[in-house]
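Data first, discussion second: the structure below is written as C-alpha cells.
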Amino acid sequence: MGIELLTVVLLLCILVFFALGAQVGLALGGIAMMIGYMTWGDGIFNVIPTTLESTYFSFILLAIPLYIYMGQLLTKSGIGDAMFNFSQMLIGRVRGSLAISVIGVCSMIGAMVGIIGAGIMTSGSIALRPMLERGYNKRLALGVIMAGGGLGILIPPSIPMIMFAASTQNSVGRMFLGAMMPALLTVVMMVLYVGISCWLYPERAPRDMDNKDIVKLEGREKFKIARDGLFSILLIVAVLGSIISGIATPTESGAIGVVGALILAVMFKRFKLDMFLHSGFQTAALVSVAMWIIFGASVFSNFHLLMGVQSMVADFTGTLDLPPIMIIIMFQLIMLLLGFIIDEFIIVLMCAPLFTPIAVSLGYDPIWFGVLMILNILIAVQTPPYGFALFYLKGIAPPEIGMSEIYKSVAPFIMLNLTVLILCMVFPEIVLWLPTLVMG
C-alpha cells in the first residue's frame, strides 16, 4: 500500500471512529495498530514499547500534571474568585468593566490550567453567572468567557506548547517567550473590542450594576481581596520567571507552582481537606485522559512517520512550486480543518513532527511556526459548528441558551484571533523579538 493511499485510509478510519464516539486515544492507537498489522505484520508492535518509553518517561511532559494540579488548587481554593474581584477593584466604574475583568482573569485562569477545555469550564463556573445576573448581554458574556478561557493555551505555561517543544526538540522557554507578545496583543485587542462595543451599545453592559458589590465592601475586605489576587498573580509570574531566567526547567517550575499554590491556600486560610482531595482527584482524571490521548496520538503519529508521510508531504509541497509562505498558509488551513473534529493535543502531536521540519527547511524559525500553530488551534477549536470548545461552553451555560446563540457570541473574538494570527505571519518579529532579546 502506497503512502498516499495509506494516508487516505487512516484519515477515513479516524473520521468513522470519531463519528461512532470512540475514545480518542484508543481510536488513534487502535487504527495505527490495525492498519500497521495489515501492512507490516507483527513488526508494528515494536512501535508500542518505543512510543511508551518516549512518551511516559519524558521529563518535559512531567510538567503537564504539575501545571494542571497548580491550576486546580488555585481555583478550588477560591483564589480564582479573588483574582476576579481584585481586577474589578482595579478597573473601577467603567462601562463593561465586569466583561473586561473577565477577559483578564479568565485568561490568567486559563494559563493556570493550561488546556482549553478546563480553562473555559473553570472560567465559566466563576464568571458567567455574575455577568448574567448583572444584566449583561448574553452573547457578550458567553463570548468573553470563551475568549478568556481559551487563551490558556497561548499564555504560558501552556500544555500544548510543552508538547510542541517535546515533539520537535525545541526549547520550552523560547516557546513561552515567543507566545507572550501575541498573547498580550490578543488580550489588548479583546479589551478594546469590549470597551468600544459597550460604549457604542450601552445596553450590552449596564453601568450602574458594574462593581456594585465591590464598592460596598469595607477596607479590610478589600485588602483581603487585593492580597489574595495579587499573590496569586505573583505566583504565576514567579513560575514563568523561573523558566525564563533559567533558574528552573519547565517541569521544576511546575513543582514550584504546586508548592506555591498550597502555601497560598494555607497562608490565606483557604486550605481545606476536601478542597485538597478534590483537586487531586480532578487532576488525576484530567491527566489520565490527557496521557491516553498523548499515547494514542503518538503511536498513530510514529506509525505514519515511519511509513514515510513526511517525505510525501515534502515531495508534495515541492511539486506545487509555491512560494514558501503559501506552503505555511496551506499548513495553517490543514490544521484549521483538523481543529473542527479533534482537540489541541492531537493536532500538536500529529502536525508538529510532520510540518515543523518542512517549515524549517523552507527557512522559517521553528518557534515562530510553533506559535502560529497554537494560534491556529485556538481559532479552530472555537469555530462553529464543530469546534469542540463550543460544547464546553454549552456545558456551563444556562439551559435556555442554545447553540446558535453560542455560535454568534464567539464570532467577533474568532475574528480578533485571526487578525493576530495574520499579523504574526506578516511580522514574525512579534513572535521572535522577545526570545531573541532574552535568550539570544
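From the largest down, the range 219-297 spans 53, 35, 16 angstrom on the principal axes of its Cα atoms.
Packing here is the average count of other Cβ atoms within 10 Å per residue, and on that basis the peptides 371-383, 416-428, 131-143, highest first, run 371-383, 131-143, 416-428. When all alpha-carbon pairs of the range 321-440 are counted, what percent fall beyond 18 Å? Summing the P(r) tail past 18 Å for the range 321-440 gives 56 percent.
Couplings 3J(HN,Hα) of the range 261-275, computed from phi: 5, 5, 5, 4, 4, 6, 4, 9, 6, 10, 7, 9, 4, 4, 4 Hz, in residue order, whole Hz [Karplus 6.51 cos²θ - 1.76 cosθ + 1.60, θ = phi - 60°; x for Gly and Pro].
A short reminder: the numbers here are calculations on the coordinates, not readings from a lab. Everything numeric in this text was worked out from a predicted model, so none of it was measured. When we count neighbours, we look across all protein chains shown, and the Cβ atoms used for this are built from the backbone with ideal geometry, even at glycine.
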